[in-house]
Amino acid sequence: MDRSAVTEALRLAKSIVTTHGISAYLTQHMRSVAARPVEPTDTGFRLDYCLDPERSPWQDNPGCSIHVSYVPSRNGQRTTEEGGVVHDYNLGISVRASADDMTVKRMRAREVLVSNLSMLCDMLEGTLPPVATVIVLTPEQHKSKTELEAEQIVGWNIHDQLGHDALKGLRKGGRGKFFHNNGTPDGTYRYTHVRRRNSRGTVTDQAKYIMKVHSGTLMVKRVE
């Protein structure tokens with residue numbers, strides 16, 4: 001999966017936020033948060049501002065915050081014309097402003113802070129891409145995945161016809177087994193046999209095989 005479009009958009013967002021004049025209202029802790037590099041798995045960040053960044057936000061110190069994120073589209077994944085699979089992430093910017101009782105003087109000072117926040121939002125909305133597209137599978141990966149899924153179905157049908165015990169005794173790197181086969185088209189099929197799952201449904205034991213069919217003869221060999 002290639003999430004670089006989201007990562008680059010968030011890096012740009014942080015660059016804008018940290019160089020904007022409103023950064024003067026960041027507390028020391030929030031400055032550290034703002035300075036953290038964007039990780040490849042990040043989908044957003046939040047910063048809090050205080051009218052007096054040197055004082056506690058709980059001591060008659062009005063503040064506000066901004067949350068910049070890229071949220072997966074509810075439409076889900078889609079297939080491109082080239083055959084790849086992508087998922088669009090939409091830009092989301094939300095803000096919050098404290099509304100505690102305060103003096104008129106503090107209110108007017110707070111309005112300057114909120115006005116700065118509003119201008120920052122305008123800058124972000126005008127600069128950041130509204131949509132960042134994550135590449136889930138390249139066309140080549142999607143083709144390979146589709147082919148593997150089709151081969152898995154054929155392999156499961158062959159295994160079902162042969163019976164559960166047919167693959168017993170096969171060892172990784174060892175010799176294969178030969179069987180008569182009717183109805184399966186000639187070809188080579190990759191097959192993964194899940195032999196055990198835990199209580200959560202996670203696979204804990206599996207084996208991978210290559211099944212080659214030619215002129216009614218089937219050869220099965222374990223590869224993993």
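Below is a table of values for the structure above.
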{"read-out": "Failed condition for ASP88, given (1) in a loop (DSSP other than H, G, I, E, B); (2) of a type outside the set (Val, Ile, Thr); (3) modelled with pLDDT of 90 or more; (4) touching a Lys or Arg at 6+ places or on another chain (Cβ under 8 Å)", "value": "(1)"}
{"read-out": "Filter pass, ASP42 being of a type in the set (D, E, K, R) and outside any loop (DSSP other than H, G, I, E, B)", "value": "no"}
{"read-out": "Every pair of residues 6+ apart whose Cβ atoms lie under 7 Å, when the first sits in the stretch 44-57 and is within 30 Å of VAL131 (Cα to Cα) while the second is acidic (Asp, Glu)", "value": "none"}
{"read-out": "Residues (surrounded by fewer than 19 Cβ atoms within 10 Å (Cβ to Cβ) and of a type in the set (Val, Ile, Thr)) located in the stretch 8-37", "value": "ILE16, THR18, THR19, VAL33"}
{"read-out": "Leading residue by the ranking (farthest from SER144 (Cα to Cα)) among those in the stretch 157-211 that are surrounded by 14 or more Cβ atoms within 10 Å (Cβ to Cβ), of a type in the set (Gly, Ala, Ser) and modelled with pLDDT of 90 or more", "value": "GLY176"}
{"read-out": "Matching option when the condition is touching a helix residue (DSSP H, G or I) at 6+ places or on another chain (Cβ under 7 Å), surrounded by 12 or more Cβ atoms within 10 Å (Cβ to Cβ) and within 21 Å of MET1 (Cβ to Cβ), among PRO139, PRO129", "value": "PRO129"}
{"read-out": "Residue check, ARG74 of a type in the set (Lys, Arg) and either under 13 Å from the mean Cα position of the chain (by Cα) or part of a loop (DSSP other than H, G, I, E, B) (or both)", "value": "yes"}
{"read-out": "Residue tally, condition among the hydroxyl-bearing types (Ser, Thr, Tyr) and in contact with a Pro (Cβ under 7 Å, 6 or more places away or on another chain), over the stretch 5-33", "value": "3"}
{"read-out": "Test set (1) in a strand (DSSP E or B); (2) surrounded by 15 or more Cβ atoms within 10 Å (Cβ to Cβ) - ARG96 fails condition number", "value": "(2)"}
{"read-out": "Search result, residues across the stretch 118-156 that are assigned to a helix (DSSP H, G or I) and β-branched (Val, Ile, Thr)", "value": "THR127, THR146, ILE153, VAL154"}
{"read-out": "Among residues of the stretch 179-215, those that are assigned to a loop (DSSP other than H, G, I, E, B) and either touching a residue at least 40 places away in the same chain (Cβ under 8 Å) or touching a Ser or Thr at 6+ places or on another chain (Cβ under 9 Å) (or both), counted", "value": "3"}
{"read-out": "Given (1) assigned by TED's automatic domain parsing to the domain that holds ILE16; (2) touching a strand residue (DSSP E or B) at 6+ places or on another chain (Cβ under 8 Å), index of the condition LYS145 fails", "value": "(1)"}
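The values are calculated or read from the model by the stated rules, or taken from the named source; none is laboratory data. Here the structure is a predicted model, which is why all the values come from computation and not from measurement. Using ideal geometry, Cβ is built from the backbone for each residue, glycine included, and neighbour counts are taken over all protein chains shown.
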